[in-house]
Amino acid sequence: MVDADKITNDAISKGGTLCLLYFDLHSSDKDNLTSLSTGFIDSIIKTQGVIYALGEINEPVETDKVFSTSIEVKVLVKDLLTLINLCSLFNPLNVEILRPNHFELSVQTIQDILMSVSANWFGIKKTIAEKTSSTEDLERYKVYLENRIKVGRAILDKKDDK
């Protein structure tokens, strides 16, 4: 039998975080909502950096022919960056950190977190631009992306030379 407390304590001693994530899901079909909720929790479990996750799906309620439910997921992640990425990917309504009580972060960890946030927002802006832009604007955007790649490579090359 696996000792969850031992796994949790070990992970937290190495920089892990235990938290509760709260979500809402909606569907016009109650059975579909249950399947969707189960698949949603499974996606969280399979996310890189998640050590374990246990979800509880509340009974759906119907309002104006739409079924809604809330989901509470207890998650142990290997590090704060994983938690930030989970929040970016799955958009919880609320996050409650259970353990640890405080964080000590290295400069490298903070840089990794900031780059993850930047990449997530870049992806969001890219999707919006692709869905709302004219063909002419999309062509200009492609040139912008190509230039961004070149500038990024130049920055990396400069760092490698140091």
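In straight Cα distance, which lysines are under 22 Å from Lys6, not counting same-chain residues fewer than 8 positions off? Excluding near neighbours in sequence, the set is Lys14, Lys46, Lys74, Lys78. As a length-normalised measure over Cα pairs under 8 Å and 6 or more apart, the relative contact order of the chain settles at 26 percent. Give me the percent of the accessible area of region 122-162 that comes from carbon and sulfur atoms, probe 1.4 Å, all protein chains in place. Solvent-exposed carbon and sulfur of region 122-162 make up 56 percent of the total. Note on Cys19: accessible area approximately 0 square angstrom, rounded to 10, probe 1.4 Å, nucleic acids and ligands left out. Ligands, DNA and RNA excluded, the heavy atoms of Asp79 present near 50 Å² of accessible surface to a 1.4 Å solvent probe.
From the list [x] 1.07; [y] 1.37; [z] 1.32, can you say which value of Cα Rg over 2.2 N^0.38 Å was derived from the structure given? So the structure-derived entry is [z]. Figure note: Arg153, Arg148 ranked by solvent-accessible area, largest first, 1.4 Å probe, ligands and nucleic acids not counted: Arg153, Arg148. Evaluating 6.51 cos²θ - 1.76 cosθ + 1.60 at θ = phi - 60° for every residue in region 113-126, the Karplus couplings come out as 5, 4, 5, 5, 4, 4, 5, 5, 5, 4, x, 5, 5, 5 Hz, glycine and proline recorded as x. Build a GNM of the chain with springs between Cα atoms under 10 Å apart, and of Phe90, Phe103, Phe23 the one that fluctuates most is Phe103.
Once the Cα-Cα distance is subtracted from the 0.36 nm per residue extended length, the Asp161 to His26 segment shows a gain of 43.4 nm.
Ranking Tyr144, Ser68, His102 by Cα position along the charge dipole of region 46-145, where only Lys, Arg, Asp and Glu carry charges on their C-beta atoms, puts Tyr144 farthest toward the positive end.
The calculated 222 nm mean residue ellipticity attributable to helices in the chain amounts to -19000 deg cm²/dmol, summing -39500 (n - 2.57) over DSSP H runs of n ≥ 4 and dividing by all residues.
The values are calculated or read from the model by the stated rules, or taken from the named source; none is laboratory data. Here the structure is a predicted model, which means the values were calculated and not measured. Methodologically, a virtual Cβ is constructed for each residue, glycine included, from the backbone with ideal geometry; neighbour enumeration extends over all protein chains shown. Heads up: the accessible areas ignore ligands, DNA and RNA and are worked out on the full protein's heavy atoms, side chains in. Shrake-Rupley method; radii C 1.70, N 1.55, O 1.52, S 1.80 Å.
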